[in-house]
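What follows is a short report on a single structure.
The values are calculated or read from the model by the stated rules, or taken from the named source; none is laboratory data. A quick note: this is a predicted structure, and the numbers were derived from the prediction, not measured. Backbone-built Cβ (ideal geometry, glycine too); neighbour counts: all protein chains shown.
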Amino acid sequence: MINHLTISLVVVCLTFASSEIAAQEKKGEILHGVVESVDGSTVTVIYRRQSRTFTLGDNLKINYVSFLKAKKEIQPGFFVRAGVDSKGQCNQLWVTLPIPKETLKPSAKMLTMTSAELHQMADSNGDDELSYVEYAAAIYRSPKHGPVGFGKADRDKSGTLNLKEFEVNLAKIKWYRISRKTPAEWHAEVDANSDGVLSKQEFVTFLGSTAHLDTFFKRADKDRSGDLSVADLASFIDTILR
């Protein structure tokens, strides 16, 4: 005989299962990388060394980043950042012209240059503006974060960054921000309780965010002491800048 408790449990289980299904349907991912092929509304991108395919949704919003005079289209060799839902449909897409695939590290000279000097160095065509390709080739290269950050920095929506826009954006780039001070200066500044070492929370102040915190802290804390000396911080900074 089915009692009220049994019925209630069944209702709760069905409600929970329904909520789980709804959550899974909403869950998506961000694909970013170089376009391998385009076939109508189907795009294949090389993401983490694997071919991944998605379709362009009916309500798709495309952000062509710094195309300027280039034809706004999606072509093999272009880079994309695609917000893809659980059904494989993309409803928000950032597209950029081809940029180098290699990891970009600042040179020793760049670590000592002013923002104006960096802007001039990256400005390969000498027009006093930085296109996304110029920016990605010389300053900051990230298929996932680069297009979004560049678009936000481009306050006048010209498709390029003037010096003022560039300076605001540059201050947010980790290698530039960190290179403005010595490891000892950073350590002293974020050592809130002045005990001579950095706790994980003080390390967050140095990083500027909690993203990948455990990974970064483990990398810095080589002796597994649970805190960071000036030498530990200097060694970690070196992995970012070199």
So for the range 119-129 (the condition being touching a residue at least 40 places away in the same chain (Cβ under 8 Å), under 25 Å from Phe166 (Cα atoms) and either of a type in the set (A, V, I, L, M) or out of contact with any His (no Cβ under 7 Å at 6 or more places or on another chain) (or both)), does at least one residue qualify?
yes
Practice item. Restrict the check to the range 152-174 and report whether at least one residue is surrounded by fewer than 18 Cβ atoms within 10 Å (Cβ to Cβ) and more than 29 Å from His119 (Cα to Cα). Key: no
By residue number, the members of the range 146-204 that are farther than 29 Å from Asp214 by Cα and either touching a Gly at 6+ places or on another chain (Cβ under 6 Å) or of a type in the set (Asp, Glu) (or both) are Asp154, Asp156, Glu165, Glu167
Tyr132 over 20 Å from Lys61 (Cβ atoms) and outside the structural domain of Tyr47 (by TED's automatic domain parsing) = no
Residue within the range 49-57 that is touching a Leu at 6+ places or on another chain (Cβ under 6 Å), of a type in the set (Val, Ile, Thr) and more than 19 Å from Leu241 (Cα to Cα) present
no
- Query: Has the range 96-108 got at least one residue that is touching a Ser or Thr at 6+ places or on another chain (Cβ under 9 Å), touching a residue at least 40 places away in the same chain (Cβ under 8 Å), assigned to a helix (DSSP H, G or I) and not small (Gly, Ala, Ser)?
  - Reply: no
Considering only strands (runs of 3 or more DSSP E) wholly within the range 26-73, the ones with at least 3 residues that are touching a residue at least 40 places away in the same chain (Cβ under 8 Å) and aliphatic (A, V, I, L, M) are 29-39
| query | Does Gly149 qualify as being surrounded by 13 or more Cβ atoms within 10 Å (Cβ to Cβ), part of a helix (DSSP H, G or I) and in the same structural domain as Ser124 (by TED's automatic domain parsing)? | reply | yes
Report yes if Ala184 is within 26 Å of Leu93 (Cβ to Cβ) and either part of a helix (DSSP H, G or I) or touching a Lys or Arg at 6+ places or on another chain (Cβ under 8 Å) (or both), otherwise no.
-> no
Within the range 50-94, residues under 15 Å from Glu29 (Cβ atoms), among the small types (Gly, Ala, Ser) and either assigned by TED's automatic domain parsing to the domain that holds Asp154 or surrounded by 18 or more Cβ atoms within 10 Å (Cβ to Cβ) (or both) come out as Gly57, Ala82, Gly83
Among Leu228, Leu198, the single one that is under 23 Å from Pro106 (Cβ atoms) and in contact with a Leu (Cβ under 8 Å, 6 or more places away or on another chain) is Leu228
